[in-house]
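Written out below as structure tokens is the structure these notes cover.
The values are calculated or read from the model by the stated rules, or taken from the named source; none is laboratory data. This one's a predicted model, so the numbers in the text were calculated from it and none came from an experiment. Positions of Cβ are generated from backbone atoms using ideal geometry, with glycine treated the same way; all protein chains shown enter the neighbour counts.
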Amino acid sequence: MTEQPAEAQEFPAETTPAASGSPPSFGEPSITEWQKDLHGLLALGELTSSFEWCGHRIVIRTLRTDEELIVASMIKEWDTTLGGAKAYATAMCALAVQAIDGQPMPTPLGETGSKYQWAMERFRYAQRWYPWTIDAVYAQYLQLELRVKEVLAELGKASAPMGAASPGSSGSSGSPSGEGPFTGRLFP
């Protein structure tokens with residue numbers, strides 16, 4: 001990884017967004033990475049997407065389980081309040097957004113050694129965004145998750161033996177709805 005100049009590590013300047021929007025563009029999943037023995041599971045479900053919102057190009061990616069657990073930890077303060085859902089969406093967006101207008105999201109200066117500190121820095125930064133920005137980014141993140149489910153369903157069809165049911169189609173997957181392992185979120 002190359003060292004970034006000091007000004008690139010600072011928070012991007014506050015700007016007023018221009019008005020416009022574009023449909024999201026999804027990165028192509030790396031099927032070859034997903035199919036590798038054992039280590040393929042580390043990449044299974046990893047997708048990126050970019051979209052334009054109010055004149056800004058935003059790049060997001062799916063979160064891993066460890067990052068979703070960090071989100072749960074970060075929002076404890078608002079967990080039982082009316083702000084719980086907004087805190088959850090803000091934290092999810094903070095970790096999912098990779099870049100805005102080509103600028104990476106802020107990271108703590110120096111070596112922290114803690115993924116939680118990294119996540120909290122991004123969460124604090126995203127809290128400065130207005131609610132409609134969080135809503136727009138979170139809506140795109142949910143679309144990205146739906147895309148992952150579609151890709152996984154197609155992979156399941158392609159890898160199932162002839163005549164066998166695809167994952168989750170038997171209703172015995174253990175999920176409360178019986179629709180398969182990727183049917184819902186544990187949080188709002």
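Overview of results
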| item | result |
| --- | --- |
| Helices (runs of 4 or more DSSP H) lying entirely in the stretch 5-84 (those with 3 or more residues that are under 23 Å from R122 (Cα atoms) and modelled with pLDDT of 70 or more) | 65-74 |
| Residue match in the stretch 140-160 (condition: under 24 Å from D79 (Cβ atoms), modelled with pLDDT of 90 or more, surrounded by 14 or more Cβ atoms within 10 Å (Cβ to Cβ) and within 16 Å of the chain's Cα centre (by Cα)) | yes |
| In the stretch 105-138, the residues that are surrounded by 13 or more Cβ atoms within 10 Å (Cβ to Cβ) and either in contact with a strand residue (DSSP E or B) (Cβ under 9 Å, 6 or more places away or on another chain) or outside any helix (DSSP H, G or I) (or both) | M105, P106, T107, P108, T112, R122, A126, Q127, W129, T133, A136, V137 |
| So G102, is it at pLDDT 90 or above, under 18 Å from the mean Cα position of the chain (by Cα) and surrounded by fewer than 14 Cβ atoms within 10 Å (Cβ to Cβ) | yes |
| Of the criteria (1) in contact with a helix residue (DSSP H, G or I) (Cβ under 6 Å, 6 or more places away or on another chain); (2) surrounded by fewer than 21 Cβ atoms within 10 Å (Cβ to Cβ); (3) closer than 21 Å to L146 by Cβ, which one W78 fails | (3) |
